[in-house]
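Throughout, read-outs are computed from the coordinates displayed, never taken from laboratory work. Treat the numbers as computed from the prediction; the structure is a model and nothing was measured. In this analysis, Cβ positions are derived from the backbone assuming ideal geometry, glycine residues included, and neighbour counts consider all displayed protein chains.
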């Protein structure tokens, strides 16, 4: 590996599974000290153990990003323990599923508490801590926030909010050399998408909607986050990078 993140300290929320775990792993492979955040201790411990076993540096904090006080306190604890924060990846999200006509106000707000509020709290605290030395923030949106998705109206709205919030944050952070960018995942194979990819037929039908004709892997998404977090992207801020096999760039209809 090239050690692109040598001597960097990174936080990855939602780091116990899926995209978060893959991102933490890739960052550790490139030399970062990575601290994974999540609500459940067991998967966090597993990710840290795997990273350390492979020669990387990692730690974890049990923290619910929908709890402002607990989340901010955990970020501050990382800075107290490791002396700084160079990279903040706001990956944690939550969603409710169901018809708009049946959605309760509680269901609607549940999409925003983790996905939008958590991203706001994580970005705000990171920007406060990065004022002196700069840094990189990468926020995770979704293809649902680009198109809108039936039965996921709350989540679609929340992820669209993350994208425009991040653009504003990029403008505000630029003077202090704090970059803020967005990665937009398409269909990535994780535990969260297991239901829609439950068998070969479902997988094939999903692949037909994607120009590259396949579902993405978590490591492919992690590589995009890694790039934007690294100094290789030092002149990139306020950008949105779609990692979706071409889905968001084309009105694509599969032909037999």
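Whole-percent P(r), segment 38-176, all Cα pairs, 10 Å bins from 0: 12, 35, 34, 17, 3, 0.
Each of residue 213 and residue 113 was given a label point 7 Å from its Cα along the Cα-to-Cβ line. The distance between the two points is 4.5 nm.
Roughly what angle does helix 68-82 make with the longest principal axis of the chain, taking Cα atoms, 0 to 90 degrees, to the nearest 10? Its long axis makes an angle of about 50 degrees.
Convex hull over the Cα atoms of segment 1-45, averaged projected area in nm²?
Values: hull surface 11.2 nm².
Projected area, direction-averaged: 2.8 nm².
Over the chain, dividing the summed -39,500 (n - 2.57) contributions of all DSSP H runs of at least 4 residues by the number of residues returns a 222 nm mean residue ellipticity of -13000 deg cm²/dmol.
Stretched out straight at 0.36 nm per residue, the stretch from residue 171 to residue 99 would grow longer than its current Cα-Cα span by 22.3 nm.
Give the value in nm², to one decimal: projected area of the alpha carbon convex hull of the chain, averaged over all directions.
On the way: hull surface 56.8 nm².
Seen from a random direction, the Cα hull of the chain projects 14.2 nm² on average.
Extension gain, residue 106 to residue 133: 0.36 nm times the residue separation minus the Cα-Cα distance gives 5.7 nm. The angle separating the long axis of helix 218-229 from the principal Cα axis of greatest extent in the chain is about 50 degrees. Taking Cα atoms, how many degrees apart are the long axis of helix 41-53 and the longest axis of the chain, rounded to 10 and kept between 0 and 90? Helix 41-53 sits at roughly 70 degrees to that axis.
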